[in-house]
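The structure under discussion appears below in the form of structure tokens.
Any read-out appearing in this document is the output of simple, stated calculations on the displayed coordinates, not a laboratory observation. Just so it is clear, the model here is predicted, and its values are computed rather than measured. Counting neighbours? That spans all protein chains shown, and the Cβs are built from the backbone with ideal geometry, glycine included.
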């Protein structure tokens, strides 16, 4: 089989990308690279190589490290050594009991404002934004609420330093506010003196994300728009290319459970209580009160055919129940990752995300409300609370679909992740009349979506093509030659969701064949298609319905028709 692999003219194993292009390992001159688009949003996520959920984010604070002030009450000078070893820090010399500021922060829901600071002759910083305030102690590394009602505040030592701290305050507002800062002494007094400051950031969410510099426009970090998602879900050592349909999270506060958006019955919420599946301190804890009854959070929603998903981690409690469509409950054990009783007519999954976290999902839950209860065991909806016990929750999502897709974070409004689209639209230099197409991949659904992976002539009608086709759970090879449909090769009831398949399709002189997972499905005599020079994941006429939605591990194109033995070896699951 090694000789056959060497003969491949195109080898795409997801490993690298640049400027919206997914690189192929062969050829190396770029002629085999795939174009990729998802659209202008940063709501997509993936599981990175460390096993954590990775998001897209933006620094929307303009001039993020420009602290110069026209203020006789402060002298602020640049050129100081900062937390990162550059000379980009600023010395703030306070001359009077006044604030200095970063003006006109546009707040849009749950957002975190952060900055880096070091004590000078003063060691505390008072921050005030739209009525919410926090105080940061740069000597004892503590942060406290100092006014209003901020969601939370935090201070942490910058790695590799002994005296630089990143200070952050989380605000839930929709307005434009000034970011007011006032250095103080250890007694919280407004006296003259100095501090050092550097690199401010305003991003959505309940924690600060890695700093990105801005000047006159917001700058994004993490997963960017039109960036392929190389996903390591399930502890994979090698990534797959994650391809998903367009989806909307209709829950508008997926992480901030403590606000008014979520109704709480006989529970309280502790914000930023533990490390989430992101690896950041932004998961909440649901804590039961001491009453007898159902201990729950819920939110009224609309729509039908929805799937609810969320991440949960056990603490004193390990059982969660969700109200289902038949007015009964479905149960999840997030202590050991097992399902309890699932309501009639509903389907459920529980998936291990590591570090004690599980993603629970339920299709066909209660149609008008997302109701999530903590409880004491399978079948126990109501119980006597003790006032202190609970469990952790993060990333609640409702999609209009039958299965959940990757997490779409929201911070005050619903968010839509656009569909992934990847194609290699010109392989004329890599292909021939008789050739072999190979894909190693899985699919996310076999209920209503059709999947196509095709080599074709790139015309609008795809007059010549051979297509690996999944229709419900049937695997087929469809062939068109000069617009005439040739007899199909089919294997019924073959495909299961989230299962890896190795599939090869071969076009020979007057025949074609289909292989999957080490077995020859069949061969047909027929007219050979010509001008096969384009490789597409889906059908150009209806891409939303016939794109390949799943995890793609690799794709190969051979400019020769491999033998049966070579195809069997190529598709065998080792």
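Observations on the structure shown:
- From most to least packed by mean Cβ count within 10 Å, the peptides 550-557, 427-434, 197-204 give 197-204, 550-557, 427-434.
- With helices as the sole contributors, the chain gives -500 deg cm²/dmol at 222 nm; each DSSP H run of n ≥ 4 counts as -39500 (n - 2.57), and the sum is divided by every residue.
- Separation in nanometres of the label points that stand 7 Å from Cα toward Cβ, at residue 15 and residue 500: 1.6
- DSSP beta bridge pairing in the chain, given as percent antiparallel to the nearest 5: 100
- Per-residue extension of 0.36 nm, minus the Cα-Cα distance of residue 66 and residue 519, leaves a gain of 156.7 nm for this segment.
- Simple spin-label estimate for residue 6 and residue 265 in nanometres, 7 Å along Cα-Cβ: 6.9
- The range 331-433 - percent relative contact order, Cα under 8 Å, separation 6 or more: 16
- Using the average count of surrounding beta-carbon atoms within 10 Å as a protection proxy, the listed peptides 12-24, 244-256, 74-86 rank, highest first, as 244-256, 12-24, 74-86.
- Cα gyration tensor shape for the range 250-417, rounded if a/c is under 1.5, else prolate or oblate: rounded
- Cα-only radius of gyration and Dmax that characterise the range 31-78, units Å: 20.0, 61
- Full extension of the chain between residue 482 and residue 336 yields a length gain of 46.9 nm, computed as 0.36 nm times the residue separation minus the alpha carbon distance.
- Our Cα-only numbers for the range 345-443 put the radius of gyration and Dmax at 21.4, 73 Å.
- Taking packing as the residue-averaged number of other Cβ atoms within 10 angstrom, the listed peptides 486-496, 129-139, 257-267 run from highest to lowest as 129-139, 257-267, 486-496.
- Distance cut-off 45 Å, percentage of C-alpha pairs in the chain lying past it: 29
- Within the range 74-217, the percentage of alpha carbon pairs spaced more than 26 angstrom apart rounds to 17%.
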